[in-house]
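The values are calculated or read from the model by the stated rules, or taken from the named source; none is laboratory data. All values derive from a computational prediction rather than experimental measurement. Here the Cβ positions follow ideal geometry from the backbone for every residue, glycine too, while neighbour counts run over all protein chains shown.
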Amino acid sequence: MIGLGSMLRKELLEQWRTRRMLVVAVVFTALGIGSPLLARYTPELVKALAGDQFQIAVPPPTAADAVGQFLKNLGQAGVLTAILLAMGSVAVEKERGTAALLLTKPISRGAFLLAKLLAIATTLLVGLLLAAIAGYAYTAILFEALPPLGWGAMAGLLLLGLIGYASLTFLGSTLARSSLAAAAIGIGAMVVLLILSALPSIGPFTPGGLDALGAAMAVGKDPGALIGPVLVNLAGVAAVFGIAWLVFRRQEL
Amino acid sequence: MTLPPNEAAILCRALTKRYGAVTALETLDLEVPTGSVFGFLGPNGAGKTTTIRLLASLAQATSGEASLAGVAVGGGEPNRRGLVGYLDQDPRFHNWMTPRELLDLVGRLHRMSERDRRARSDEVLETVGLTGASRRPIGTLSGGMRQRLGIAQAILNRPPILLLDEPVSSLDPEGRVDLLAVIRALGGSSTVLFSTHILTDVERVCDRVAILDHGRLVTTGPMTELLERYARPVYRVEPEDGQADALGRLVAALRDAPFVTHVEETTGGLRVAVSDAADAGHRLLAMVAAHGVPLLVFERQRPTLEDVFLQLVGRRAHEPEAAA
């Protein structure tokens, strides 16, 4: 991969200088803090809103609810973030002509693409790391201290799912000449994966299926078969990247 | 890296590029000798940019082959070996970067040491006159400054081959002269392929030229040879003031004269291209006298590349093609 290090340095600098990394870090951290808070105070909010006229039985919240809330919030915002980060990554460079500038230098097209995907993954990693630390701390304060390794594994599985969505949008960005078309491909892939996640035989192997495994691990339960879904998702990211490379290596700029 | 002299730095054999039904480049055979500053001429749509993009591995040839310093172009290998400096006709950069950061990135990609990157960046920034703007975001630079930056990034690693597509099109006259001098100075150490439709620029800096039209090579060779071979003798006729009517009649008569190949009305006079200088000198002067045009200037001019171009392509380089 000729030029990967230099290109990755440029991509990470771009994530920082265009404030993408900062925005993702702030939003994810806020969601990491907010998720246990929402889980803890939702019953009281519901009671307050219902008033005296209705009696709603709400079970006392637990740490598992905080985990569920965390996965729901970070999952939804994370997918959206992954699509936003990836949609313009290649398409905009092709559209503006900056890809042509770089690719006449000693850099392979594979390195050009890989640096971009790694930079997106790094931004998601930084955001999720901060969110996980904040979420873990607030869950410990408001509920109980959960096993840190399980919590970390949950965040790792969530990250893998988000990278999956990012890679699909990234493929769209490689195929298309505009970021909007790339976003449409990413959203389309997300809808398909959501439908597939509802199927019992396929669901556990989708990014959504990883969330369920993560939820079990975070509260110290046995998630069951873990290696298979993880490997399938990793292979999926690699395969999608491979297709993007095959398309891009012969693409005219 | 330096290339062996007396060998073609750029070689195209039957290079063809089609976009659907449109043929942008038709079986181009071209040899650019090592160390030359090679002017690549043609009107808009002649195939100049297509050729340069093929050589820079930004597009794929439909058929034929090309090589840079003996390395086949197809898979982008010349780029990976750092053989090529490339400047797009409308250079675009990452607006969040500064010129210095861009040059640092380019230097890193060329595996230059930090010391070399810094020293060479200072040098090229000074060469293109961007030292004062080197820490400004590129997004705040003018079009001309971006074009200068484009030259700077192209020459940073002293590549043996430079592909410059309309490199001075956005510059003011002063900047144009400065950068043409830079390009001329690169000859010898680098082989420069320089596309443009501004023929005076080519005359200033190039030792060899190729003329393209409709995707086909019309001619190629050393500049002096082309001028001798193709440029017809040209006379400048400048009348005294207030001779518009007589001059109009003279122009009409000249356009019908068999020894006149082209008449161009210029500010203050005429440029008349003729087929035979010895004969035409007398006949032309006789016609001017017969139409009662009092003269300020009557002189035979040195033929220019513009005359060669006109002779071969049938219109001036900047003129759009007449509708069929």
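Sort out which residues of the stretch A:200-253 are more than 28 Å from residue A:65 (Cβ to Cβ), more than 21 Å from the chain's Cα centre (by Cα) and among the small types (Gly, Ala, Ser), and write them in order of number.
A:201
Only one of (1) more than 19 Å from residue A:102 (Cα to Cα); (2) at pLDDT below 95; (3) over 20 Å from the mean Cα position of the chain (by Cα); (4) not aromatic (Phe, Trp, Tyr) fails for residue B:158. Which number is that?
Only one criterion is unmet by residue B:158, namely (1).
Looking at the stretch A:1-23, is at least one residue away from every other protein chain (no Cβ under 14 Å), in contact with a helix residue (DSSP H, G or I) (Cβ under 8 Å, 6 or more places away or on another chain), in contact (Cβ under 8 Å) with a residue 60 or more places away in the chain and buried (at least 16 other Cβ atoms within 10 Å of the Cβ)?
no
Condition test on residue B:172, is it surrounded by fewer than 16 Cβ atoms within 10 Å (Cβ to Cβ) and over 19 Å from the mean Cα position of the chain (by Cα)?
no
Would you say residue B:47 is under 23 Å from residue A:253 (Cα atoms), at pLDDT below 90 and either surrounded by fewer than 22 Cβ atoms within 10 Å (Cβ to Cβ) or small (Gly, Ala, Ser) (or both)?
Here the answer is no, as residue B:47 does not meet what is asked.
Being in contact with a helix residue (DSSP H, G or I) (Cβ under 6 Å, 6 or more places away or on another chain) and polar (S, T, N, Q): is that true of residue A:76 here?
In short, no.
Quick one: how many residues across the stretch A:216-235 are surrounded by fewer than 20 Cβ atoms within 10 Å (Cβ to Cβ) and closer than 22 Å to residue A:166 by Cα?
8
Residues of the stretch A:115-143 being under 20 Å from residue A:15 (Cβ atoms) and either among the hydroxyl-bearing types (Ser, Thr, Tyr) or touching a His at 6+ places or on another chain (Cβ under 6 Å) (or both), which ones?
Residues satisfying the conditions are A:122, A:123.
Within the set of pairs 6+ apart or on separate chains, which have a first residue in the stretch B:121-133 that is free of Cβ contacts under 8 Å to residues at least 60 places away in the same chain, a second that is acidic (Asp, Glu), and C-beta atoms under 8 Å apart?
B:121/B:104; B:129/B:178; B:131/B:122
Tally up the residues in the stretch B:78-88 that are farther than 14 Å from residue B:162 by Cβ and either buried (at least 18 other Cβ atoms within 10 Å of the Cβ) or more than 9 Å from every other protein chain (Cβ to nearest Cβ) (or both), please.
Going through the stretch B:78-88 one residue at a time, the tally reaches 1.
Which strands (runs of 3 or more DSSP E) does the stretch B:210-272 wholly contain that include 2 or more residues that are out of contact with any Lys or Arg (no Cβ under 8 Å at 6 or more places or on another chain) and aliphatic (A, V, I, L, M)?
B:216-222
Rundown of residues vs (1) over 30 Å from residue A:2 (Cβ atoms); (2) free of Cβ contacts under 8 Å to residues at least 60 places away in the same chain; (3) of a type outside the set (S, T, N, Q), yes/no style:
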residue: A:68; (1), (2), (3): yes, no, yes
residue: A:76; (1), (2), (3): yes, yes, no
residue: A:93; (1), (2), (3): no, yes, yes
residue: A:96; (1), (2), (3): no, yes, yes
residue: A:116; (1), (2), (3): no, no, yes
residue: A:124; (1), (2), (3): no, no, yes
residue: A:139; (1), (2), (3): yes, no, no
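In the stretch B:103-115, is there at least one residue being crowded, with 22+ Cβ neighbours inside 10 Å and either more than 10 Å from chain A (Cβ to nearest Cβ) or part of a strand (DSSP E or B) (or both)?
Within the stretch B:103-115 (the criterion being crowded, with 22+ Cβ neighbours inside 10 Å and either more than 10 Å from chain A (Cβ to nearest Cβ) or part of a strand (DSSP E or B) (or both)), the answer is yes, since at least one residue qualifies.
Picking from B:258, B:222, which residue would you name as being over 30 Å from residue B:18 (Cα atoms) and either modelled with pLDDT of 85 or more or within 32 Å of the chain's Cα centre (by Cα) (or both)?
B:258
Just one of B:204, B:236, B:302 is farther than 30 Å from residue B:16 by Cβ, more than 23 Å from the chain's Cα centre (by Cα) and among the charged types (D, E, K, R); which is it?
B:236
Hey, among the residues in the stretch B:105-125 that are within 13 Å of residue B:149 (Cβ to Cβ) and either at pLDDT below 95 or of a type outside the set (S, T, N, Q) (or both), which one's farthest from the chain's Cα centre (by Cα)?
B:105
Restricting to the stretch B:89-102, count the residues that are at the interface with chain A (Cβ under 8 Å from one of its Cβ atoms) and surrounded by fewer than 17 Cβ atoms within 10 Å (Cβ to Cβ).
2
Yes or no: the stretch B:63-71 includes at least one residue that is touching a Leu at 6+ places or on another chain (Cβ under 8 Å) and facing chain A (nearest Cβ under 8 Å).
no
So which residues in the stretch A:96-127 are over 26 Å from residue A:77 (Cβ atoms) and of a type in the set (S, T, N, Q), if there are any at all?
Listed by number, the residues that qualify are A:98, A:104, A:108.
Kindly indicate whether residue B:210 is surrounded by fewer than 14 Cβ atoms within 10 Å (Cβ to Cβ), modelled with pLDDT of 90 or more and not polar (S, T, N, Q).
Here the answer is no, as residue B:210 does not meet what is asked.
With the requirement that a residue be over 13 Å from residue B:180 (Cβ atoms) and either in a loop (DSSP other than H, G, I, E, B) or among the basic types (Lys, Arg) (or both), what does the stretch B:194-209 give you?
Across the stretch B:194-209, the qualifying residues are B:197, B:207, B:208.
So, in the stretch B:104-120, of the ones that are free of Cβ contacts under 8 Å to residues at least 24 places away in the same chain and among the aliphatic types (A, V, I, L, M), which residue ends up nearest to residue B:81 (Cα to Cα)?
Step by step, filter the stretch B:104-120, then rank; the result is B:109.
Does at least one position in the stretch A:25-46 carry a residue that is under 25 Å from residue B:82 (Cβ atoms), crowded, with 19+ Cβ neighbours inside 10 Å and either within 13 Å of chain B (Cβ to nearest Cβ) or more than 20 Å from the chain's Cα centre (by Cα) (or both)?
Within the stretch A:25-46, none of the residues are under 25 Å from residue B:82 (Cβ atoms), crowded, with 19+ Cβ neighbours inside 10 Å and either within 13 Å of chain B (Cβ to nearest Cβ) or more than 20 Å from the chain's Cα centre (by Cα) (or both).
Which condition does residue A:127 not pass, out of (1) out of contact with any helix residue (DSSP H, G or I) (no Cβ under 6 Å at 6 or more places or on another chain); (2) within 19 Å of residue A:23 (Cβ to Cβ), if it passes all the others?
Condition (1) is where residue A:127 drops out.
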